[in-house]
Amino acid sequence: MNITVIGAGIVGLATAWFLRQDGHAVTVIDRRGAVGQGTSQANGGQLSYRYIAPLADPDVLPKVPGWMLQADSPIRFQPQFDSAQWRWIAAFMKACNNNDKQRTVAALLPLSLLSQRLVNDWVEREALAFDFRRNGKLVVYRNAAGFRSARALIESRPELASQQHALDRAACLALEPAIAGMGADVAGGIHTPSEEAGDCLKLCQALAERMGEGDNPVRIRLGVSVESLVVGNGRVLAVRTAEGDWPTEACVVAGGVEAAALLRPLGIDIPVYPLKGYSLSLPITDAARVPEISVTDFQRKIVYARLGEHLRVAGMADIVGHDDSLQPDRLATLRRETQQNFGAGVDLDTLAPWAGLRPATPTGRPLIDATALPNLWLNLGHGALGFTLAAGSGQLIADRIAMRPRAIPDEDFTLARSTPSGWRARADGAPR
């Protein structure tokens, strides 16, 4: 079957990979001039398979008023004249309860572990190079209450407890001496030895290069803007682009934050909204002063990952609409935190800043599903876990298209289960 995948980020390319394995003729279309230029370009770099707690957490709600008053808060909200933003926020706040959090963790963990197995196949069998490291992860908590909550979550799930370890401050410093710069307010940490890291952009490039080789190569059309989907007789007939219509037998939308506007005219109203994140990539000048283990500063919502000869620093979640511009104050916060924690090990004067829009659902569960149109599928809404979940999500959507049994339960990734009540909107985006 001829299948068009919209989106050349890590999720779209992983989708194309597994569809090609099934023998389909695959075309990937993206408006950008190269693969991996959206959220995949310079994300946090952590493949966080077992630390998959969603942003929607009951502990978040009490902190929101204080965050709104802090210039350097981990979450920033800028009101827009956009009903989708307000509906998303309302649904997010509704999802900030322990039942929804536990449900999301239960759904995401099998998907993330499936992804780990598939990524390891890319590394070991396919020899794809993307600065991959199996270096473990340490989530550092700056207050005792947050540490207790994290430890309780692990203890509630045996599949996590077998792989993760709660460490007090002394044990954290013994494991990773480079975090000494975080100061005496480190209350403890959660160590996961099996976690990994890599450069998502380099993986996108490696996948694209490999899929262009051999029999039945994947065609990747870059710099081509998708305007709409052409529908007739209840099916997608073509992808309408600025260069004309691209006929197709089936279509997978994996286009991130642009997907909502593309799908809305078809009566498909997805609960996906952009969460803006930022990153810095800094050359490492003293390896002993930079963590070998990937580190997450839980209170600051900032992650640190060593990628090749650089330290990737990423964080923040700005609910500011579709603005992906670089904001100097947010980048200054990342630079200040990096200087305080690991400044002796990096070149702070030679850094590469980046900002990107993560396509997020209120619950943190992606949409991996069919639609009412029998040849149109969705693979999007992965939020900050796109890199972590991409491989498993690509396999799941390929399984759905092939109508074969899935490797893991996937009911919680369907549109019906992931769309909050009251989300439905008219085609013009105004609430009903």
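Normalised by the residues of the range 149-232, what does the relative contact order come to in percent, with Cα pairs under 8 Å and at least six apart? The partial results should precede the final answer.
Working: 41 pairs, mean separation 19.6, N = 84.
Contact order relative to length: 23 percent.
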- Task: Rounded to whole Å and ordered largest first, report the semi-axes of the equivalent ellipsoid of the range 303-410 derived from its Cα gyration tensor (root of 5λ).
- Result: 36, 17, 10
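Determine, for each peptide in 188-194, 14-20, the mean count of other beta carbons within 10 angstrom over its residues, then list the peptides with the highest first.
On the way: 188-194: 20.4, 14-20: 26.3.
Descending packing order for the listed peptides: 14-20, 188-194.
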- Taking the chain as a Gaussian network, Cα atoms linked when under 10 Å apart, which of Arg221, Arg417, Arg142 shows the biggest mean-square fluctuation? Arg417
- Item | Spin-label pair Asp59/Val230, simplified geometry with 7 Å Cα→Cβ offset, distance in nm | 5.2
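Give me the Kirkwood hydrodynamic radius of the range 194-257 in Å, from all C-alpha pairs, to one decimal place? Working shown, then result.
Values: mean 1/r = 0.0695 Å⁻¹.
Roughly 14.4 Å, rounded to one decimal.
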- Taking the Cα atoms of the range 256-326 alone, what are Rg (to one decimal) and Dmax (as a whole number) in Å? 17.0, 55
- With 10 Å bins from zero, work out the P(r) of the range 357-397 over every alpha carbon pair and list the percent per bin. 31, 53, 17
- Query: So what is the accessible area of the chain per residue, in Å², with the probe set to 1.4 Å?
  - Reply: 39
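Which three numbers, in whole Å and largest first, are the semi-axes of the equivalent ellipsoid of the range 318-357 derived from its Cα gyration tensor as √(5λ)?
Numbers: eigenvalues 109, 21, 10 Å².
With the √(5λ) rule applied to the range 318-357, the semi-axes are 23, 10, 7 Å.
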- Query: Using the alpha-carbon atoms, what tilt in degrees (0 to 90, nearest 10) does helix 10-21 show relative to the longest principal axis of the chain?
  - Reply: 50
- For Val231, the residues 5 or more places away or on another chain with a placed amide H closer than 5 Å to its own amide H are Leu237
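Just in the range 200-236: which GluC sites (Glu not before Pro) are loop by DSSP and have at most 13 other Cβ atoms within 10 Å? Display every interim value, and only then the final one.
Working: sites: Glu209, Glu213, Glu227; in loops: Glu213.
Filter output for the range 200-236: Glu213.
Taking all pairs of distinct Cα atoms, average 1/r, flip it, and tell me the Kirkwood hydrodynamic radius of the range 195-313 in Å to one decimal place.
Details: mean 1/r = 0.0547 Å⁻¹.
Averaging 1/r across every pair of different Cα atoms and inverting gives 18.3 Å.
Any idea what the relative contact order of the range 188-269 is, in percent, if you count C-alpha pairs under 8 Å spaced at least 6 apart?
14 percent.
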- Query: Nearest 0.05, what FRET efficiency do Ala174 and Ala71 give at R0 = 30 Å with Cβ-Cβ as r?
  - Reply: 0.30
- Task: Mind checking the range 274-355 for chymotrypsin sites (Phe, Trp or Tyr not before Pro) that DSSP puts in a loop (not H, G, I, E or B) and that have at most 11 other Cβ atoms within 10 Å?
- Result: none
- Task: Could you work out the mean projected area of the convex hull around the alpha carbons of the range 108-243, in square nanometres to one decimal?
- Result: 13.8
- Using a cut-off of 26 Å between alpha-carbon atoms, which lysines can reach Lys101, once sequence neighbours fewer than 8 places away in the same chain are excluded? Lys63, Lys137, Lys276, Lys301
- Query: Scaled to the compact-protein estimate 2.2 N^0.38 Å, what is the alpha-carbon radius of gyration of the chain, rounded to two decimal places?
  - Reply: 0.94
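Defining a contact as two alpha carbons under 8 Å apart and six or more residues distant in sequence, what relative contact order in percent does the chain show?
Details: 943 pairs, mean separation 114.0, N = 432.
Here the relative contact order equals 26 percent.
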- Contour excess over end-to-end distance, with Cα ends at Arg417 and Ala370 and 0.36 nm allotted per residue: 15.7 nm
- Item | Carbon/sulfur fraction of accessible area - the chain, other protein chains in place, 1.4 Å, % | 53
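Hey, what number do you get for the chain at 222 nm if only DSSP H runs of n ≥ 4 count, each worth -39500 (n - 2.57), divided across all residues, to the nearest 500? Write out the running numbers ahead of the final one.
On the way: 12 runs with 134 residues, N = 432.
Rounded to the nearest 500, it is -9500 deg cm²/dmol.
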- Task: Normalise the Cα radius of gyration of the range 1-116 by 2.2 N^0.38 Å (N = residues in it) and let me know the number.
- Result: 1.36
- Item | Hypothetical label at Ala352: residues of the range 281-324 whose amide nitrogen lies under 15 Å (7 Å Cα-Cβ projection) | 281-284, 305-314
- Item | Computed E for His165/Arg240 - FRET, C-beta separation, R0 51 angstrom, nearest 0.05 | 0.45
- Message: If you average the C-alpha positions of the range 123-191 and of the range 9-73 separately, how far apart do those two centres end up, in angstrom?
- Response: 21
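Within the range 55-126, report the trypsin sites (Lys or Arg not before Pro) that DSSP leaves as loop and that have at most 10 other Cβ atoms within 10 Å.
Numbers: sites: Lys63, Arg76, Arg87, Lys94, Lys101, Arg103, Arg117, Arg125; in loops: Arg125.
Answer by residue number: Arg125.
Can you tell me how much longer the chain between Glu309 and Met403 gets when fully stretched, taken as 0.36 nm per residue apart minus their C-alpha distance, in nm with one decimal? Spell out each step's value before the answer.
Numbers: separation 94, 0.36 × 94 = 33.84 nm, distance 4.35 nm.
Net length gain for the segment: 29.5 nm.
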- Note on the structure: In a Gaussian network model of the chain with springs linking alpha carbons closer than 10 Å, the residue among Pro110, Pro158, Pro420 that fluctuates most is Pro158
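The values are calculated or read from the model by the stated rules, or taken from the named source; none is laboratory data. Predicted, not measured: the structure shown is a model, and the values here were computed from it. Note that each Cβ is placed from the backbone with ideal geometry, even for glycine, and that neighbours are counted across all protein chains shown. Surface accessibility is based on the protein's heavy atoms, side chains included, excluding ligands, DNA and RNA. Shrake-Rupley method; radii C 1.70, N 1.55, O 1.52, S 1.80 Å.
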